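The block underneath contains the structure these notes are about, expressed in structure tokens.
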Amino acid sequence: MERDADPAALGAAVTVALCGHWDHPPPCPLAPHYTSTARDGDVVRVRTLFACEPDQENLVRERIHTALQAGATGDVVWVLRGSARDEVREAEHSHADRLLQS
């Protein structure tokens, strides 16, 4: 991702993939989620926490991966270097609980 590009575009791409539009009223129709980004130069790490029914998990993961693999939203472009599943981190437990409640 270009250094001057807004990493929030990555979160918008995920939200569009899961909700149909980045600006929608709550609740999220498929999976309540939260996407964070961390920039290190031109590399941006993306992390999405989400809550869904167990039978929807693969669909949610596929939509997130496809959105990030697309490599663009609006004028912002990027290259997906990798994607992997991870466990909820200790510091994320309260946020994950809130997602489960929504």
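Summary of values
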read-out: 14 Å beta-carbon shell around ARG45, net charge (K/R +1, D/E -1); value: +1
read-out: Surface accessible to a 1.4 Å probe, LEU49 within the full protein complex, Å²; value: 20 Å²
read-out: Calculated log₁₀ intensity ratio I(q)/I(0) where the Debye formula runs over C-alpha points of the stretch 1-90, q = 0.10, 0.17, 0.20, 0.26 Å⁻¹; value: -0.24, -0.70, -0.96, -1.49
read-out: Antiparallel DSSP beta bridges within the chain, percent to nearest 5; value: 100 percent
read-out: Whole-number percent relative contact order across the stretch 32-102, with pairs defined as alpha carbons under 8 Å at least 6 apart; value: 31 percent
read-out: Over the stretch 1-76, relative contact order from alpha-carbon pairs under 8 Å, at least 6 apart, %; value: 38 percent
read-out: Per residue value of the accessible surface for the chain (all protein chains in place, 1.4 Å probe), Å²; value: 68 Å²
read-out: Sites HIS95 and GLN69 - FRET efficiency at Förster radius 25 Å, r taken between beta-carbons, to 0.05; value: 0.50
read-out: Translational diffusion of the stretch 19-61, µm² s⁻¹ [Kirkwood Rh, Cα pairs; Stokes-Einstein; 37 °C; 0.692 mPa s]; value: 274 µm²/s
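The values are calculated or read from the model by the stated rules, or taken from the named source; none is laboratory data. Keep in mind that this is a model prediction, so the values were computed, not measured. We place every Cβ from the backbone using ideal geometry, glycine too, and count neighbours over all the protein chains shown. These accessible areas exclude ligands, DNA and RNA; they are computed on the full protein's heavy atoms, side chains included. Shrake-Rupley method; radii C 1.70, N 1.55, O 1.52, S 1.80 Å.
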